[in-house]
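Some notes on the structure that comes next.
The values are calculated or read from the model by the stated rules, or taken from the named source; none is laboratory data. The model shown is predicted, which means the values in this text are computed figures rather than measured ones. All Cβ positions, even for glycine, are placed from backbone atoms using ideal geometry, and neighbour counts span all protein chains on display.
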Amino acid sequence: MTGGQRVVANSVLPAHREPLVLRTADGLRLVGETAVPVDGPPAASIITVHPLPTHGGMMDSHVLRKMAWRLPAMADTAVLRFNTRGTTSAAGSSEGSFDQARGEGQDLQAAIDEVVSRGWPDPWLVGWSFGTDVILKNGNVDPVRGAVLLSPPLRFSTDEDLDAWSASGRSLVCLVPEFDDYLIPEEARRRFAQIPQADIRAMPGAKHLWVGERHVTAVLNEIVSVVRPGIGPLPEMWDGPMERWSDLG
């Protein structure tokens, strides 16, 4: 695709976007949003888990928001984002309080159940920072195909969690910034060595927060290479409807 407008940081491509309410097994109400391709059923689906809410992480954290803005149109992929317990964004506040990746497992399960109820295919989990710990501790369940971890700090995950992923054989791809604040690629390879199927991908020049559109583009291309192999890289131009939304917050 060579014509049209250049895709930039605040480009929003067509999708069916709807607010979402999830109910957890322990009775909490979580807020979220779905973004689904407009031209037919999705070919794959992604559930996102955001960075640490006690440090500003939420469903609108910029990489996750841009996934929902682009991937339904560019990769025929449905994206479900939600605020974990005790987290607030422009969409509203989820009930409950932060629980160090323990209770958040019930939040993730509610999102997985929602994807199953909608009949979305090939669900993948994409976590960022704290979200990677939630996934490692709680996301190794059917029908999840696998997970893509952005900037995994391994703060709350245990060796037992990693052993369980190893035993399952479930796919695990780790996108590790070259200059990460918590876990650089060399250390990540050592820490994840007990999971033979773990694919550690060093991301040159990037830092933990993935600031800069070139790093966001690199992340989205890596995610698409896992979730929808063979259709990337994503186009730099879009020959179709495009809106520009605020990229702040």
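Some notes on this structure:
- Criterion violated by Pro19 - all others in (1) crowded, with 22+ Cβ neighbours inside 10 Å; (2) assigned to a strand (DSSP E or B) satisfied: (1)
- Set Gly40, Gly56: member being among the small types (Gly, Ala, Ser), surrounded by fewer than 21 Cβ atoms within 10 Å (Cβ to Cβ), out of contact with any Asp or Glu (no Cβ under 8 Å at 6 or more places or on another chain) and at positive phi: Gly56
- Flag: Ala25 does not match the condition of being within 24 Å of Pro143 (Cβ to Cβ) and either in a strand (DSSP E or B) or in contact with a Cys (Cβ under 6 Å, 6 or more places away or on another chain) (or both).
- One residue from Arg102, Arg118, Arg85 being more than 29 Å from Asn221 (Cβ to Cβ), surrounded by fewer than 20 Cβ atoms within 10 Å (Cβ to Cβ) and not hydroxyl-bearing (Ser, Thr, Tyr): Arg102
- Which listed residue, of Pro72, Pro51, is within 21 Å of Gly230 (Cα to Cα), buried (at least 20 other Cβ atoms within 10 Å of the Cβ) and of a type outside the set (A, V, I, L, M, F, W, C): Pro72
- The sole residue among Glu178, Glu236, Glu187, Glu243 that is touching a strand residue (DSSP E or B) at 6+ places or on another chain (Cβ under 7 Å), surrounded by fewer than 16 Cβ atoms within 10 Å (Cβ to Cβ), more than 30 Å from Pro14 (Cα to Cα) and not basic (Lys, Arg) is Glu178.
- Contact map, segment 177-205: first residue closer than 18 Å to Lys137 by Cα, second residue loosely packed, with under 15 Cβ neighbours inside 10 Å, Cβ cut-off under 8 Å, separation 6 or more or different chains; pairs are Gln194/Asp159; Gln194/Asp163; Gln197/Gly169.
Rundown of residues vs (1) at pLDDT below 95; (2) in a loop (DSSP other than H, G, I, E, B); (3) of a type outside the set (Val, Ile, Thr), yes/no style:
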| position | (1), (2), (3) |
| --- | --- |
| Gly57 | no, yes, yes |
| Asp60 | no, yes, yes |
| Val63 | no, no, no |
| Met67 | no, no, yes |
| Leu71 | no, no, yes |
| Leu80 | no, no, yes |
| Arg85 | no, yes, yes |
| Ser97 | no, yes, yes |
